[in-house]
1. Can you find even one residue in the stretch A:148-162 that is in contact with a helix residue (DSSP H, G or I) (Cβ under 9 Å, 6 or more places away or on another chain) and over 30 Å from A:N293 (Cα atoms)?
2. Conditions: (1) over 19 Å from the mean Cα position of the chain (by Cα); (2) within 21 Å of A:P174 (Cβ to Cβ). A:W104 meets all but one. Number of the miss?
3. Cβ-Cβ distance below 7 Å, separation of 6 or more or different chains: which pairs start in the stretch A:233-248 with a residue that is over 17 Å from B:E103 (Cα atoms) and end on one that is of a type in the set (V, I, T) and modelled with pLDDT of 95 or more?
4. How many of the residues in the stretch B:69-89 are part of a helix (DSSP H, G or I), more than 9 Å from chain A (Cβ to nearest Cβ) and either crowded, with 22+ Cβ neighbours inside 10 Å or modelled with pLDDT under 95 (or both)?
5. Looking at the structure I just gave you, is A:S151 touching a residue at least 60 places away in the same chain (Cβ under 8 Å) and either more than 28 Å from A:L280 (Cβ to Cβ) or of a type in the set (G, A, S) (or both)?
6. Residues A:L253, A:L260: which one is within 23 Å of the chain's Cα centre (by Cα) and away from chain B (no Cβ under 14 Å)?
7. What's the total number of residues in the stretch A:321-347 that are without any contact (Cβ under 8 Å) to a residue 24 or more places away in the chain and over 17 Å from B:R42 (Cβ atoms)?
8. Within the stretch A:1-17, count every residue that is surrounded by fewer than 24 Cβ atoms within 10 Å (Cβ to Cβ) and more than 9 Å from chain B (Cβ to nearest Cβ).
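The values are calculated or read from the model by the stated rules, or taken from the named source; none is laboratory data. Given the structure is predicted, the values throughout are model-derived calculations rather than measurements. Heads up, the Cβs are rebuilt from the backbone with ideal geometry, glycines too, and the neighbour counts pull from every protein chain shown.
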There are 2 protein chains.
Amino acid sequence: MHRVFNFSPGPSTMPESVLRQAADEMLDYRGSGVSVLEMSHRSPAFEDILGGAEADLRELLAIPSNYRVLFMQGGAIGQNAIVPMNLAALRPGRKIDVVVTGEWSRKSWTEAQRYGDVALAASTMDSGHTHMPPASGWALRPDASYVHVCSNETVHGVELHELPDLRALGSEAPLVIDASSNIGSRPIDWTRAALVFAGAQKNLGPSGITVVIVRDDLIGQALPICPSVFDYRVAAEQRSMFNTPPTYPIYLLGLMLQWLKAEGGVAAIEQRNLAKSGRLYAAIDGSGGYYRNPVAVADRSRMNVPFFLRDEALTDRFVDEAEAAGLSALRGHKVVGGLRASIYNAMPLAGVETLVDFMQDFQRRHG
Amino acid sequence: MHRVFNFSPGPSTMPESVLRQAADEMLDYRGSGVSVLEMSHRSPAFEDILGGAEADLRELLAIPSNYRVLFMQGGAIGQNAIVPMNLAALRPGRKIDVVVTGEWSRKSWTEAQRYGDVALAASTMDSGHTHMPPASGWALRPDASYVHVCSNETVHGVELHELPDLRALGSEAPLVIDASSNIGSRPIDWTRAALVFAGAQKNLGPSGITVVIVRDDLIGQALPICPSVFDYRVAAEQRSMFNTPPTYPIYLLGLMLQWLKAEGGVAAIEQRNLAKSGRLYAAIDGSGGYYRNPVAVADRSRMNVPFFLRDEALTDRFVDEAEAAGLSALRGHKVVGGLRASIYNAMPLAGVETLVDFMQDFQRRHG
C-alpha cells in the first residue's frame, strides 16, 4: 500500500486509522451481517451512528443545548440558498448583510440575492482578498434578518480569527458563519455565532454531508418556496431523517469525530494547527522572497496556505516534482493561481515538515 | 465475517463483490496513494470515476444522446421540489398533473403544490393503493407543464409495468418519472419518458446520490427562486460539479453499474427479477391464504413485495424468527404494516429461495 501527503483543499486527507476502520467494517458492521452502506436509516444500528455523531460533535464543539444539529445534503453551496430561504423572513424587509472576503463569501452574496434585499456590509473585492475588513467598519443595517460571514476562505487563505460581537456593533441580527474549511479546527464562540454551516469534506470527513448548527429561535420562518427537505424546522423535527440521509458519509463523519476526540479534542488540534501553519508560514517568510504569501499576517489562514514562487514560470515544475516526492495536490486554485497547501486537522505535522524540506530543497536546486 | 440476506427497502443490499472492492481500494485507490474519499473532485482520477459512471449508466439504460445525466444531492424527496422548480414554468399557468398511486407519489403531489397549479390526474388514495389506475382514464390537462408518475411504489408494492404514451392520450406534456425503486431493474422507454429521477440507495448503490436523466428541451426554465445548485441548466453545464459532488457515493454507484454490466446488463437482470418476484408471489398465493398480498396481480411490484399473515398477531414473531435465520429487515412500512421483502437487483435468487423456505417452515410451525 502506498500513501502520499495529500494537500487537497477538499475532499481532503483523512486519518489512516479512520480509513482502515472503514475498510475493516465494510462487509460486516460489528457483527450485524450488513455493511453500513446497506443499513436502513431507520435501523437501530444506524440510529446509533447518527446519534453518536451528533453527541460527539456537540461535545467537541461545546454546542449549547439551544442549538440544533442538522445533517443535510447539498454542501455549503446549497446552504448559500438554504440559509436565506430559512432566515430571510426573520424580519420584515428580508434584509441580508454579507461580508465578502473571498471566493466563498462572494458566492454566498450572489446566491442570497434570489431571496432577499442583499447589501455588502464590507468587501475586500477591490484589494484581492488579502485581508479581513475590521468588523468596526462593517456597514450593518439595524433591521437586517442576518449577517453572513465566511470564517475561512479556502481559495484566498484568509481567516477570521475572532468572530465579531454584532451586538457591540449596534446590530441585533444573528451572525451566520460559513465554516466549511475551518470547522473543528478551533473552538467556536457560541455567544456570537447563531448559525454555523459546513460541508464536511475538509475537516470533518467526506463530501456529501453538510453540517448545520442553528440556534432554536432562527427555526420556523422558512419562505413558502423552501423545499421541505431543506426547511430547518422539518429537519429539526425529523432529526435529519425527513428523507434518507447520506448514511455512509454520516458514518465516516462519526469516525472522524471519534478520531478527533482520541487526539485530544478541539483544543489540542488547535495547538497542532497553530504549529503546522506557523512552520509553513515561517518557511515562506524566511525564504528571502523566493516564496511569497500575500495575506496580511494577522489574517492568515491556519488551514489553507496559498503561496507563490518569485519566478512563477517554475510553478508547474514545483507541482510535478512535489507530486513525484509524494506531496500531492499543491496547485493553487485557478482564481488565484500559484500554489496552495491545505493543512486541515488530518494533515500531520510530519506532512508539513516534509513539504517545508521539499520547498527548501527546491529553492536550492532552482534558486 | 458474517453476512445475512438483507431485505431492507433502502438503503439496501449490495453485491459482496462491490463491497469487497471498495474495502480493498479504501486506503490507496489503484496506486494513487489516496482514498477515493480524499480525492479532489477536480482530479483526473475522480473525473474518470464520474465519467465512467455516466458512460456505464448511458450504456445500461440506453439513454439517448439528447438526454443529460445529472448527479445531484437531496434524494427523491429533494426532487419533489427540484422538479417543479425546474419544470413548472415550461408552459404558462404552471400546471402540474400528478398521478397518486402510493406513499411516494402522494409526497410528490403535496410538495409540488408550493410551485404550481397542481391537479390529480388520477389517484388510488380511496382504495388503499392496491392497483395502478389505467392511463386511459387519467384526467390530463392539455396545457400542463408536465405529468408526474411514480413507476414503483416502494411502500405499497405497486409497479407501473408500461409507461403511458401521453401523446396518444391527447397530452403534449413531458412525462416525469420517480423511478427510485425500480431504476436499473428493467429497460426504460425513452420515447415516453422525458425525465427520470432516482435516489440511488435501492438498485444503484448507496444513499446520498440522486440520478436525474432529463431531456435537453426541459432544461433552462427554472424558477428564479431555484437554488443554483439544483438548477438543471447549471448542473448540466457544470457536469454535476457546480458544487463538490458526493464523491464516494458516485464511486460506489460506478462500482454497482460495473457489476450490473458484468451480470449481463439490464435485460439479464430483468429476467432474474422476474424469476425472483415470481417465486415469491407464487409462494404467497400458494399458501392457502396463510400469507396474502393485496395488490392487483397485473400491478404487483417486482421490487417490493408487501405481504400479511392471516393471523397478524404473528407478525412480530415472523420478523424475529426470520432475523434469527439470517433474513433481515422484513418488517413492513409503518403506513401499511405487515411484512415486506424488498428484492432489488442485488438480492440473489438464493435469498428469495431461502425466504420462501423460511415462510413455508414458519407456516408449518405456526399454521
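1. no
2. Single failed check for A:W104: (1).
3. A:R233/A:I219; A:A236/A:I219; A:P246/A:I209; A:T247/A:V36; A:Y248/A:V36
4. 6
5. No; evaluated as a whole, the condition is false for this residue.
6. Only one candidate passes the filter, namely A:L260.
7. 1
8. So the answer is 2.
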